[in-house]
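Asker: Pasting a structure here, questions to come.
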Amino acid sequence: MADDIAIGIDLGTSYSCVSIVENGEPVVLPNEWGEVNHASVVSFLEDGTVLVGNSAKRNIITRAETTVYSAKRLIGRYFFSDEVKKAMAVMPYRIVEGDNNSVRIQVRDQLYSLPEISALVLKEMKAIAEQYLGRPVNKAVVTVPAYFNDNQRQATKDAGRIAGLNVLRILNEPTAAALAYGFGRDVNQRVVIYDLGGGTFDVSILEIGKDVFEVLSTAGDTYLGGDDFDDRIMTWLADDFLARTRLDLRQSKYCLQMLKEAAEQAKIDVGQKGTADVLCQNICQDASGQVMDLRATLSQDQFNRMVMDLVQRTFKVCDEALQSARLTAADVDAVILVGGPTRLPIVQNSVRHYFQKEPLEGINPDQVVAMGAALQAHALMDARTETFLVDVTPLSLRIGTVGGYTERIIEKNTPVPIDRSKTFTTSRDGQERVKIRVYQGESNRADECEMLGEFEFAGFRVGYRGEVKIEVTFEINTDGIVNVSAADTETGQKTSTTISLSSGLTEADIQRSILQNRQTRLARGMVHAVPPGTSRDVLPDLPSAVEG
Amino acid sequence: MSEPPDKPGSGAPDSPGETPRKTTTQPLAPVDPSEVQEAGFETTGTFRDTPLPGVPKLDAPFPPAPPPGPKAGAAPPAGPPRPAAPRTALPRPGAAHGQATPPPRPGQPPGIGAAAPAPPPVPRTPTREQPAAGPPRTPTREGPAAPTAGTRSPPQAPLGSPTGEFLTEQARASGPAPQPGVVPARVFRPTDTPGKPAVPPLPSLGVNIAPVIPPLAPVKAGPPRTAAPRVPHRPTRDPMSETSIGIPVVPPLPPAEAGGPPPVAPVVPPVAPAATATPAPGDPESQVAWKAERLDTLDYFELLGVPTTASAGEVKRAFYTESRAYHPDRFFQLDDEAFKTRVHEVYKRVTEAYYVLRDDVRRKKYLADVSGPDRASKLRFDELSEKETIAQVKQQAAEQIGLNPKARQQFQTALGEIDRGNFVAAERGLKMALTYEPQNALYKEKLTEVQARLYEESRGKAFKIK
C-alpha cells in the first residue's frame, strides 16, 4: 500500500499547488506554515541549498541573480523564440544558450536546464505532500496549460522524472478544473473553462456526460496571462516616474523587480478595493545621490482602460474555441473561472457579458486545477473509480515538406489518443535512410510552426527509388505527447527511429539531473531571507534618462 | 513548376517496375510544385509580414539573438523517452535531390520522399489473399451483400440536416442511455477461438498491425460489409451469425431517426442467446482481445456499434459507451503491458472512428468509401491533405460555373437564352464563355447541346420549305 498514493500537482507560472484525495475528497495540502499556494520561485542559496516557495519569492529582489521565477514561460522553448528574448530583457537571472538552441539558466557558475528548475519546484511539492502524509510519495499527475505543445509537455514530464516522480499523466489544466467540478456530480452539461493564469490563457469547452469528460475543443494563448496585466501597470508607473523625475526605472533590473512587485500588489488591491495606492520606498537614487520614492494611486477605471485590450484578446480565443466546437455562447451550460486574475472584476464582468451567464460560484480559482489533478491521480490508481477523460490535441501536427512548407497530419482538436499513418517513399536509388521533420502549429509554413524534432528512419529494405514504401505512424497519446514510429510497408519490418534534432534533454542528461536533484537539499523556512535594509547599500544609480 | 499540379494523386510513382534511370523528377517533383504553388500563393501576405513585427517588439538592450528558424547543425541525439538508437551520419546529406526543381536547402531533410497518399499497393491490407476460409464463404456473403448496398445508399435522407448544434442537442436530450447497438458487437465474442494467442503482443504502439491480422481477415476487396470478420471463427453458426449480425449493421427500418434506441433495440434479442453460448460477456480482457483482433476488418460504424444511419447523438453515445469499455485509464493499474498496448490500440481506433463520424463532411466521404467496391482498403479514413482539399474545391467550382467571372457571366446569359429558346444567342454566349475558359467541360457540353438543337432546327426549317 505504501506506493499506492499519487498526488496531483498544479505546476503554475507563478504559483503551484499540490493536492491529494482523502476519503474521496480532494484536499489541497498546506506546507508547515499553512500556505497552500506556493510561489513557483527557486532561490539558490550560498550554502548550496535551494529555497522554493513564498519565502523564495522574497529573494527575487534581494538575491535577484540567483533566484529564478516564471520558469514555466521558458520551459520547452528554443533559445531563439520570442518568449525567451523577452524574458532575457526583463529577468534578473541569467539566461544563456545551451546545446541545440536550448535555454539554460546560469546561477553562479552552474548551468541549469529549465526542467531542472521546474523539478526543484516539483521536489518542494513532493516534500510538502510527504510531510503531510508522513510517507514517501513517488507518483504524480502534473498539469500543464492545454495549449502547451509537445516540447513543453515533454519538458514538464522530464521535470517530473528529475524530481523523482513517476508522472502518471500530463493533464491539461482546464480539463483538470472540469474534472474537479464534475467529479461525482452526475451532471450532463456543457461547460466552458476560462483559465487565465499567471502566464498563459486557456479556454476549453467540455461536455460532461456523467463519468465521461469529453473535451470538445480547446484554444489558448501561451503569451497572455496575469503577468501581462502587471506589465501594463509597471509601464504606467515607470512612465509616470519618468515624466516626473526624468529617471527611467526600466534601466535597472533591480528597480524592475520593485516595480513588478508593486504592480502585482496594485492589481490585487484594485480588484479587491477598487483602488490601489502604490508606494515603493527608496526605489532608486538620482545622479546627485538623492534617494527617491515611488508613489502613485491607481483607480479601477484607469486599470480597466489599461488592460481592456488584454481582456478582449481572451474572448477572441473563446470565439475560436466555440467555433471549433461548433457551438455558440448560448449553448454553454456553465462557465468556470480558473486562475488568480479571474478574480478581477473586469474579467468577471466581461465573462458574464460574453457568455450571458453568471460564472459558477464557490470554486477556488487557485486550487481547482490541483484538485482535478489529484482526482485524476486517484482515479488512475484506483480501479473502482471510473472517470474517463477524452482530451484533444490543441495544435495540428504537421510534417515538413519541400521548400519550407508543412503538411497537416493530425488536425487540432482531434480526440486523443490517436494515430495516423502516412506512407513515404525513397527519392534515391539505394537510399538507406529517410528523414522527416515534425512540427506543431496552424500555419503551413514551417517557420511559423514549432519544430518538435527531426526523425530519421533506417533499417528498411534498400531498393530503387520510389519502390520502397515506409509507413510512418504519428501517435499522440493521452498526455498529448507525440510519438513517431515507422515500418516498411511490404515487409512489415519496423525501422529504427532516431531523433536527430530536438529541444529536449537526452537520457543521459536526465539521469545526471535526477542524481543532482536528489542531492540538492531544500532549505526550510524563512531564516534565509535577508533582513531588510541590507540591500539598501546597493541602490542603483540611475543616469538621467532625458537630458535637458 | 516542372509539371502541372493538376492531378493531386499523381505523387506516387505508379510503375515500380520501371527502373528510374532517367533523371526526370518522378518521385519528388509531383509533390513539390503543387505544394509550393498552392501554399506560396496563399500565404504571401503573412509570410512577408511576420519577420518584421515579430522580432523587434522589445526595446532590445541586449545583444542580437540568433535569427529564428531551427538551425540544422550538428545535433546529438536528444529527446529522452523516445526510442533512441545510435545515430549514424548520413552518407551524402545534401545529395538527395538530384532534381532541378528546388535548390536543396540546408535545413531540409534530404531523404524525405514524396508522400504517397494513395499508393496502389494499399498499406493497410497488403496480403489479404488468404486461402484460409475464403472459397466456401464468398457465395453466402454475396447474399446479404445486396440488401446491404441497397439500404446503405439512403442514409443521407433520414439524417436530415444534422448540424452540430441540433444533433448534440439531441444527444443531450436523450441522455447517456445505454447504447444497445454496441452489445452485439462485443457480446459476439468467440472466446473459444485460438485467436487470442494468435495475436502476439505488439512490439510497440502505432505500428502496422496488418501482418498480424491477415490470417483472420480473408475479406476481399469486393463484397461489402457483412459478418465477414466473424465467419472464419464460427463456421458452424454461419447462417445464424449472418442473420443476427446482418441486422445491427444494416437495420431494415430506414427511418432510424425516429427515436434513438428503438431501431437498435431489436438487435439485442437475437444476439443474447448467442451470448449465452459464448461465455463471459463482462470480462474486459476477452472483450479487448476480441476487438483488437478485428480492428482492421471493422469499419467505424461496426467499431462503434452504430448503424450507418445513426444520428450524431447516437454516435456520441456510442463513443461514450466505448470509452467506458476501452479507455486505457480503466486498465491503468494493470501490469500486463501487452494487454495495455492492445487496449491502447483499440481505443485509438475508437477515437479515430468518432473523429470521422462526428463530422458530417468526413462521415459522408467515409460512408461513400466503405460502401464502394474497394471497401477493404478504405476502412481507415484517409483524409485529404489541405492541398488536395483546396484543389478539390477549386476544381468543383470550376466544374460548376467556371472560374473566370466574365465567362461565368456569358454562361449565365447563355443559359437564359436557352430557356427562352433563343439558341443562336445562346450559342454565341457559350462561344464567348469558351474564349475565356477554353477548358471548361460544362461550357463545351452545353455548346454541343445547343449546336445540336440549332442543327435540328435548321433541318426542320429546310423540311418545311420543301
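The values are calculated or read from the model by the stated rules, or taken from the named source; none is laboratory data. Remember, predicted model here, so these are calculated numbers, not experimental data. Quick reminder, even Gly has a Cβ in these numbers, built from the backbone with ideal geometry, and neighbours come from all protein chains shown.
Asker: Can residue A:167 be described as under 17 Å from the mean Cα position of the chain (by Cα), of a type in the set (A, V, I, L, M) and away from chain B (no Cβ under 13 Å)?
Answerer: no
Asker: Exactly one condition in (1) more than 30 Å from residue A:17 (Cβ to Cβ); (2) within 14 Å of chain B (Cβ to nearest Cβ); (3) among the aliphatic types (A, V, I, L, M); (4) buried (at least 16 other Cβ atoms within 10 Å of the Cβ) is false for residue A:256; which is it?
Answerer: Of everything listed in (1) more than 30 Å from residue A:17 (Cβ to Cβ); (2) within 14 Å of chain B (Cβ to nearest Cβ); (3) among the aliphatic types (A, V, I, L, M); (4) buried (at least 16 other Cβ atoms within 10 Å of the Cβ), residue A:256 misses just condition (1).
Asker: Could you tell me which numbered condition residue A:175 fails, if it satisfies all but one of (1) at pLDDT below 95; (2) assigned to a helix (DSSP H, G or I); (3) of a type outside the set (A, V, I, L, M)?
Answerer: Only one criterion is unmet by residue A:175, namely (1).
Asker: Right, another one. I need a count of the residues in segment B:309-329 that are within 21 Å of residue B:370 (Cβ to Cβ), in a loop (DSSP other than H, G, I, E, B) and of a type outside the set (A, V, I, L, M).
Answerer: Residues flagged as within 21 Å of residue B:370 (Cβ to Cβ), in a loop (DSSP other than H, G, I, E, B) and of a type outside the set (A, V, I, L, M) within segment B:309-329 amount to 2.
Asker: Confirm whether residue A:393 is surrounded by fewer than 20 Cβ atoms within 10 Å (Cβ to Cβ), under 27 Å from residue A:168 (Cβ atoms) and among the β-branched types (Val, Ile, Thr).
Answerer: It is false that residue A:393 is surrounded by fewer than 20 Cβ atoms within 10 Å (Cβ to Cβ), under 27 Å from residue A:168 (Cβ atoms) and among the β-branched types (Val, Ile, Thr).
Asker: Among A:25, A:46, which is the only one that is closer than 23 Å to residue A:165 by Cβ and among the charged types (D, E, K, R)?
Answerer: Step by step, each of A:25, A:46 is checked, and only A:25 is closer than 23 Å to residue A:165 by Cβ and among the charged types (D, E, K, R).
Asker: Then there is this: Please verify whether segment A:187-194 includes one or more residues that are touching a Pro at 6+ places or on another chain (Cβ under 8 Å), surrounded by fewer than 24 Cβ atoms within 10 Å (Cβ to Cβ) and within 10 Å of chain B (Cβ to nearest Cβ).
Answerer: yes
Asker: Looking only at segment A:407-420, which residues are touching a residue at least 40 places away in the same chain (Cβ under 8 Å), within 7 Å of chain B (Cβ to nearest Cβ) and not hydrophobic (A, V, I, L, M, F, W, C)?
Answerer: A:414, A:415, A:417, A:419
Asker: Now for a separate question. Filter segment B:330-359 for residues that are facing chain A (nearest Cβ under 7 Å) and outside any helix (DSSP H, G or I); which is surrounded by the most Cβ atoms within 10 Å (Cβ to Cβ)?
Answerer: In this case the residue turns out to be B:332.
Asker: Collect the residues in segment A:20-32 that are assigned to a loop (DSSP other than H, G, I, E, B) and in contact (Cβ under 8 Å) with a residue 40 or more places away in the chain, keeping them in residue-number order.
Answerer: Hits for segment A:20-32 are A:24, A:29, A:30, A:31, A:32.
Asker: Could you pull out the residue among B:307, B:284 that is at pLDDT below 90 and either touching a Phe, Trp or Tyr at 6+ places or on another chain (Cβ under 8 Å) or within 12 Å of another protein chain (Cβ to nearest Cβ) (or both)?
Answerer: Of the residues listed, the single one that is at pLDDT below 90 and either touching a Phe, Trp or Tyr at 6+ places or on another chain (Cβ under 8 Å) or within 12 Å of another protein chain (Cβ to nearest Cβ) (or both) is B:284.
Asker: Which residues, taken from segment A:194-210, are among the acidic types (Asp, Glu) and touching a Phe, Trp or Tyr at 6+ places or on another chain (Cβ under 6 Å)?
Answerer: A:202, the sole residue that qualifies.
Asker: Suppose we filter segment A:430-452 for residues that are part of a loop (DSSP other than H, G, I, E, B), over 24 Å from residue B:355 (Cα atoms) and at the interface with another protein chain (Cβ under 7 Å from one of its Cβ atoms); how many remain?
Answerer: 1
Asker: Can you find a residue that is within 8 Å of another protein chain (Cβ to nearest Cβ), outside any strand (DSSP E or B) and surrounded by fewer than 23 Cβ atoms within 10 Å (Cβ to Cβ) anywhere in segment A:453-463?
Answerer: Among the residues of segment A:453-463, not one is within 8 Å of another protein chain (Cβ to nearest Cβ), outside any strand (DSSP E or B) and surrounded by fewer than 23 Cβ atoms within 10 Å (Cβ to Cβ), which makes the answer no.
Asker: Separate question: I'd like the residue in segment A:1-27 that is of a type outside the set (Phe, Trp, Tyr), within 15 Å of the chain's Cα centre (by Cα) and under 18 Å from residue A:180 (Cβ atoms) and, out of all such residues, is surrounded by the most Cβ atoms within 10 Å (Cβ to Cβ).
Answerer: So, considering only residues that are of a type outside the set (Phe, Trp, Tyr), within 15 Å of the chain's Cα centre (by Cα) and under 18 Å from residue A:180 (Cβ atoms), the one surrounded by the most Cβ atoms within 10 Å (Cβ to Cβ) is A:10.
Asker: Among the numbered conditions (1) touching a residue at least 60 places away in the same chain (Cβ under 8 Å); (2) closer than 30 Å to residue B:325 by Cβ; (3) surrounded by 17 or more Cβ atoms within 10 Å (Cβ to Cβ), tell me where residue A:182 comes up short.
Answerer: Only one criterion in (1) touching a residue at least 60 places away in the same chain (Cβ under 8 Å); (2) closer than 30 Å to residue B:325 by Cβ; (3) surrounded by 17 or more Cβ atoms within 10 Å (Cβ to Cβ) is unmet by residue A:182, namely (1).
Asker: Could I ask something else about it? For residues in segment A:28-38 being touching a strand residue (DSSP E or B) at 6+ places or on another chain (Cβ under 6 Å) and closer than 29 Å to residue A:108 by Cα, which is surrounded by the fewest Cβ atoms within 10 Å (Cβ to Cβ)?
Answerer: Only one residue tops the list, namely A:37.
Asker: Can I ask one more? Hey, residue A:195 hits all of (1) outside any strand (DSSP E or B); (2) touching a residue at least 12 places away in the same chain (Cβ under 8 Å) but one; which does it fall short on?
Answerer: So the condition that residue A:195 fails would be (1).
Asker: Considering only residues of segment A:365-390 that are over 20 Å from residue B:333 (Cα atoms) and out of contact with any Asp or Glu (no Cβ under 6 Å at 6 or more places or on another chain), which is nearest to the other protein chains (Cβ to nearest Cβ)?
Answerer: For segment A:365-390, the residue satisfying everything is A:371.
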